[in-house]
Amino acid sequence: MSRSPSLLLPLAFIVTLSLAACDLPGATPGSTSSVTASPSATPAGAGEAPPSEPLTLANFPWINGSTAAIPLIKATMERLTGQPVDGEIGVSQTSDAWAGLVQTWTDPDTAVLFVYPPDEATRQTVADSGVALELAPIGRDALVFVTNAANPVSNLSSADIRAVYSGAVTSWAELGGADSPIVAYQRNEDSGSQALMRSLVMGSTSMIPSPAGLTAGGMLALILELQSYQNTANALGYSVYYYVSEMQAQPDLKILSVDGVAPTHATIIDGSYPFVTDFYAVIQRRAAAGSPARRIFEWIQSDEGRATAADTGYVPLPAGSPVTLDLTQPGPTTPGCREGLVLPAGVDPAEVCSEVWIEYPAPTAWVDEFAAQIASPSGNITCQLTAGWVTLHGTTLRPNTTCTIREADYIDADLGGEAQIAFSVTDEGPGQFLTQSVYFGDFADWDAADSQVVEYGAVVATGEMACRSAEAGMTCWDSSTQHGFFVSRSAFATW
């Protein structure tokens, strides 16, 4: 493939300046795209990162996540800054943490989660967002069942637990205990513990609705309820092992064995205890190399990071443990109108929408290329893709793709009728329509003869930026944001 960094960088520089300086068709009036000041950073795999500012408590990003991860968050802050952390660490808890990570306003360079698997509704939220994530398992835990220490029952089978929470068993006498009703507490539906209960324990068995007053809104609330329920041994509840054994160990509560296996570090790591789960460090895939988010993400996977987790009492995982969380990541989409589609006047949306086909994440073809210059087989469309952040003349440029078309039905004759328009997308906003007066450059410099021809049906990608060539036209997009554009001789679209 032809690579022309000397050509690409000045053109990308001009595009970035034009987006920052002008209101463009389809943009919110008065809105601009920011030009980020140096120092620059490049995404993982897209070159060397610049020297990073030391992390201190003053500039340390918020590590959000699950309640049971709070001690590890605190230990991470102290190890990476060399400073003691006073006061409480706040998190928004499992579901809200996952949902917050994929919001459009989230800065990928400062957003990190230490978090347990999400519930089904939150998984769908993540999938619908189209935001590509990176996950790394950083420890193992288990869902455990807790009752009052005075309860004579010390073991339940997996079937017993499902019978209790499906309503089939209602008395402790049926489980070898006293002839008294089982007061079965549950967690709120969007909690991490409830997600684990449904996925690890209940499976396809339906849970009965939680009786009034028996839904605990937090981990601590559950522990307090189990301790205090009418001063009897009737209550049963569940939480994760680390929270019950390390964060809120109580002498008047006991953790039950399941299927004859007591939850311990050894039985959790070897999987002989039946209800185990990994928990994760999570960042957006587009977090730049050297950014606070990626530095924390990489450190927690290092020998020092894993030792920190073990020192804090978590069940450690071997280096290189695979991701076992079945989390739907952005995948291929079928042709169809994209949300936020902007078309030229008089163009039938159906004409364009049937041709727009994009993939998330970007295909693996040529992903190690830092920059690419490509052309359609006809030579009418030429595009330049830049995978990562670069600094030029003191200005930091974002990853971007820009295409120009030489002959099109909608080219204004007043613009000379030649290569005077282009389309561009960066990693921070929708695709844009450009003209030479905005662009301050000559698109005719983009010689199709010097470009890699992308045959119809083929895809080229550099980092998160990708373009698909088709007889109907060229579709280019940013895999991390789902924004992009479609351009053909008869029509164009941006979203």
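The values are calculated or read from the model by the stated rules, or taken from the named source; none is laboratory data. Quick caveat, the model's predicted, so the values are computed rather than measured. Here the Cβ positions follow ideal geometry from the backbone for every residue, glycine too, while neighbour counts run over all protein chains shown.
Any residue in region 170-195 that is modelled with pLDDT of 90 or more sitting within a Cβ distance under 6 Å of a residue that is crowded, with 16+ Cβ neighbours inside 10 Å and in a strand (DSSP E or B)? List the pairs, counting only those 6 or more apart or interchain.
ILE182/LEU236
Among (1) touching a residue at least 60 places away in the same chain (Cβ under 8 Å); (2) assigned to a loop (DSSP other than H, G, I, E, B); (3) surrounded by fewer than 17 Cβ atoms within 10 Å (Cβ to Cβ); (4) of a type outside the set (Asp, Glu), which single condition is GLY90 missing?
So GLY90 meets the others, but not (1).
Just the residues that are charged (D, E, K, R), closer than 19 Å to SER321 by Cα and surrounded by fewer than 18 Cβ atoms within 10 Å (Cβ to Cβ), please, taken from region 249-287.
ASP270
For region 298-324, which positions are under 21 Å from the mean Cα position of the chain (by Cα) and outside the structural domain of GLN284 (by TED's automatic domain parsing)?
Listed by number, the residues that qualify are GLY320, SER321, PRO322, VAL323, THR324.
Quickly run through region 163-188 and pick out the residues that are part of a helix (DSSP H, G or I), over 28 Å from GLN93 (Cα atoms) and of a type in the set (A, V, I, L, M, F, W, C).
ALA163, TRP172, ALA173, LEU175
Considering region 455-474 alone, what residues qualify as being closer than 15 Å to THR404 by Cβ and either in contact with a Cys (Cβ under 8 Å, 6 or more places away or on another chain) or acidic (Asp, Glu) (or both)?
CYS467, MET474
Quick one: in region 264-291, of everything that is under 15 Å from the mean Cα position of the chain (by Cα) and not small (Gly, Ala, Ser), which residue is nearest to VAL315 (Cα to Cα)?
It comes out as PHE279.
Could you tell me which numbered condition ALA127 fails, if it satisfies all but one of (1) in a helix (DSSP H, G or I); (2) crowded, with 19+ Cβ neighbours inside 10 Å; (3) assigned by TED's automatic domain parsing to the domain that holds GLY90?
Single failed check for ALA127: (2).
Check ILE300 against each of (1) surrounded by 24 or more Cβ atoms within 10 Å (Cβ to Cβ); (2) more than 22 Å from ALA75 (Cα to Cα) and name the one condition it does not meet.
(2)
Quick one: is ARG295 modelled with pLDDT of 90 or more and either small (Gly, Ala, Ser) or surrounded by 15 or more Cβ atoms within 10 Å (Cβ to Cβ) (or both)?
yes
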